[in-house]
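Trainee: Below is one structure. I have some questions about it.
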Amino acid sequence: QVRLVESGGGLVQAGGSLRLSCAASGSIFSINAMGWYRQVPGKPRELVAFITSGGSTNYADSVKGRFTISRDNAKNTVYLQIHSLKPEDTAVYYCNAGYLSRATMYPTEHWGQGTQVTVFS
């Protein structure tokens, strides 16, 4: 069984910063891309940023220059550093990982349970 556990969300004033973490554990042989998505009620989940196993990154236009994704492969952990938060960044943030299952050696993906980020002005 694979788990992705997010942490670091919370209530923050506009202009503030947060650091989200997502730690993967379980029957994982290797992790490929890891990413952060966010969702607000009534809207589809949207990609915020992702990072490949080699460290290449990609960001949604709305967060470029404010969000930084990074990963620690030794810890199977991905981070999302957020600066200059805006009220429109308010959402549940989900971690996603594409990995090879140690049990089956098939590529698959998994989602975390989400962490709430609320930005007030």
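Trainee: Pick from Gly54, Gly26, Gly42 the residue whose mean-square fluctuation is largest in a GNM of the chain, springs joining Cα atoms under 10 Å.
Mentor: Highest fluctuation of the listed residues: Gly42.
Trainee: Still on this structure, I have one more. Say each of Thr108 and Thr68 gets a label point 7 Å from the Cα, pointing the same way as Cα to Cβ; how far apart are those two points in nm?
Mentor: Here the modelled spin labels are 3.5 nm apart.
Trainee: Which of these, Lys64, Lys43, Lys86, has the largest mean-square fluctuation under a Gaussian network model of the chain (Cα springs below 10 Å)?
Mentor: Its mean-square fluctuation being the largest, the pick is Lys43.
Trainee: From Cα pairs below 8 angstrom and at least 6 apart in sequence, can you work out the relative contact order of region 63-121, rounded to a whole percent?
Mentor: Values: 77 pairs, mean separation 18.0, N = 59.
For region 63-121, the relative contact order is 30 percent.
Trainee: Still on this structure: Using Cα-Cα distances under 8 Å and only pairs 6 or more residues apart, what relative contact order does the chain have, in percent?
Mentor: Worked out over the chain, it gives 36 percent.
Trainee: Amide H to amide H under 5 Å from Ser101: which residues, 5+ apart in sequence or cross-chain, H placed 1.01 Å off N in plane?
Mentor: The list, which skips near neighbours in sequence, is Phe29, Tyr106, Thr108.
Trainee: Moving to a separate point now. Can you work out ³J(HN,Hα) from phi for every residue in region 8-14, in order, using Karplus 6.51 cos²θ - 1.76 cosθ + 1.60 and θ = phi - 60°, giving whole Hz and x for Gly and Pro?
Mentor: x, x, x, 9, 9, 6, 3
Trainee: Is there a quick way to get the dipole size of the chain? I mean about its Cα centre, with the Cβ of Lys and Arg at +1 and of Asp and Glu at -1; what is the value in debye to the nearest 20?
Mentor: The calculated dipole for the chain is roughly 100 debye.
Trainee: Charges on Cβ only, +1 for Lys and Arg, -1 for Asp and Glu, centred on the Cα centroid of the chain; of Asn32, Gln81, Ala103, which one is farthest towards the dipole's positive end?
Mentor: Towards the positive end, the residue furthest out is Ala103.
Trainee: Can you tell me the length gained on complete extension of the stretch Gln39 to Arg3, counting 0.36 nm per residue apart and subtracting the Cα distance?
Mentor: Once the chain is fully extended between Gln39 and Arg3, it gains 11.0 nm.
Trainee: Identify all lysines with a Cα-Cα distance to Lys43 below 27 Å; exclude those on the same chain that are fewer than 8 residues away in sequence.
Mentor: Within reach: Lys64, Lys86.
All of the numbers you see were taken from the coordinates with simple rules; none came from a lab. None of the values given here were measured: they were computed from a predicted structure. Backbone-built Cβ (ideal geometry, glycine too); neighbour counts: all protein chains shown.
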